[in-house]
Amino acid sequence: MRALTSFWSLWCKDVGSASFIGMGALFAVVFVPMALLLGKIDEAGFMLGFAIIGFSSAIAWQWNRLHAAEWSLINPGFPAMVRQQSLALIGVSVAIILASWIWLDVPLGYGGLALLLGAGFLWLCSRRPGNFYLSMVAFFAIVLFKPLLALAPILNILSLPLALVAWIWLDARLWHTRWQNGAVGIYCNGMTTGGFFLPNWQWLRPTRVVDAWLFPFSYFGGPAINAFLLLIPVIALLVSVLLKLKGSDTSFLHLWVQFSVMMSAMAHWTRTMRWHSVDGLLMLPLFSGWDDFCRRYYRAQLRFLLLTALSMALTAAVVIGLFALPIWLWLLTLMATVWGAALIMALGVFCQNSLHTTALMLLMILPLVTVDIAIRFSLKGEIDTGLWLGVNAGFVVISLLLMRATAGRLPRA
C-alpha cells in the first residue's frame, strides 16, 4: 500500500503517462457506458480496448522513463515501486475487463485481446525503446478485434489467460535491466509530444508534404496525426471487407467518424504538450508577430479540416458502398465529421494541459451519436432525411463561425 501512495505524483503528474491514463479513464468511464446505453455491445468492447491500451501505454512510458533516467540507478527502491504500481494498474485493468464481462455483457475477448496487445507492445519497447512510437498503431489495431474474434471465437476464452501469462512473464524479466541510451530520446520526445509521434519509416515520407502544407499546425503534432488520417480509408476498407466476408451487417461507420474527429483532439493534445516551444518558433523569421502566427495557425486548421473531410469522404464512400447503406448517409456522415472536428478545433485553442484535452475528447460523442442514430432510423425507414441534413448543415456553419471567432484566442506560451 505504501508503494501506491506516490502513484498520483509519479503517474498523473508526468506528461506522458498522464496523457495515456487520462485517455484510458475517459474511454472506460464515459465511452463504454455510452455505447452500452446505445445498445452497442461490440462498440463497448472497442472502447474498453482503447482504455486497456491506454493503461498499457502508460506502463510502457514509465518503463522507458525508468531506463532513461540515471537517477533511478542510485535509488534501488524506485524500480521496485514502479513495478508494483504497474502491477496494480494491470490488476485494475483485469478487474474492469471482468466487471464489463460479468455485469455488462461485454465480450471477454475484447478486453483480453487488448491486454495481450498491450503486453506485446511493452515487450517490443523492451527490445528497442524506439518501438514506443508504435503506440498509436496499437490503438488503431483495436478495429481488427471483431473480425479476429469472428474468425477465431475461441479467443473469447483464451485471450485473457494468455494475456495474464504474458504479463507475468514480462514482470519477471523487464524490471532488472539497466539504463538504456535509446530510451533517453524517447523520453525527451515524449515530454514534448505526450508520447504521440511516429518513427521515421521510408513509406511515411510522403506525409512530409502534408506536414509542410499544414504548418504551423503540424509543427506541434508531427507526422503521426496526418499519417493516420490518411490511412483511415485504407483501414476502413480492410476492416469492412473482413466483416463482409464473415457475413456481418455492422458497418461501424460511426466509429470511423469518431476516429477522424479524434485526430483533431489529438492535434490539440500534442500542442499543449509542446506549447512551451512556441517562443523559439516565433524567434525564427517566419512570422511578423503573435497575431500573424495566430492567423496562420487558423488557416492551417482550416486546411486540416479539409484533409479530415477528404479522408472521411473516402471512408464513408467505401463503407456505404460495401454495406449498401442509403446514399444520403454519405453527406450526413461528411457533415457530422466536419462540424465535430471544427467544434473540437474551435474550443481546443483554449486547452492548456492534458486535463483540458481529455475533457475536449468528450465532444467526440456528439458526431458519433448523430451518425449512429441516423443509420438506425434510416434502416427502419423512420427518418426525415431533409431535416437531418438541414440540421447538420446548420451545425457545420455554426462550428465554422465558432472557429473563426476563436482564431486569435490561443494562450501565450
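What follows draws every value from the coordinates through simple rules; no lab data is involved. Everything numeric here is computed off the predicted structure, so don't read it as measured data. FYI the Cβ positions are ideal-geometry reconstructions off the backbone, even for glycines, and counts take in every protein chain you see.
Quick one: which of 383-389, 340-346, 301-307 comes out on top by average Cβ neighbours within 10 Å, and what's the full order, highest first?
340-346, 301-307, 383-389
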How far apart, in nanometres, would the label points at Leu37 and Val397 be if each is projected 7 angstrom from Cα along the Cα-to-Cβ direction? 3.0
So the FRET efficiency between Phe215 and Ile102, C-beta based with R0 = 45 Å and rounded to 0.05, is 0.35
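Where does region 238-393 land on the Kirkwood hydrodynamic radius, alpha-carbon pairs, in angstrom?
The Cα-based Kirkwood calculation yields 17.1 Å.
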Check every DSSP H run in the chain and write down those whose alpha carbon atoms cover 20 angstrom or more along the long axis and whose mean Kyte-Doolittle hydropathy is -1.0 or greater. 41-68, 77-104, 108-127, 155-173, 223-245, 253-273, 290-323, 328-348, 365-380, 385-405
Length added when fully stretched, Ala359-Lys13, from 0.36 nm per residue minus Cα-Cα: 122.9 nm
What ranking do 86-93, 55-62, 398-405 get when scored by the average of other Cβ atoms within 10 Å per residue, highest first? 55-62, 86-93, 398-405
Taking a straight Cα-to-Cα line shorter than 19 Å from Lys244, and setting aside same-chain lysines fewer than 8 residues away, one finds Lys40, Lys146
Just the projected area, averaged over all directions, of the convex hull on the alpha carbon atoms of the chain: how many nm²? 20.4
Points 7 angstrom from Cα along the Cβ direction at Asp292 and Ile327: gap in nanometres? 4.9
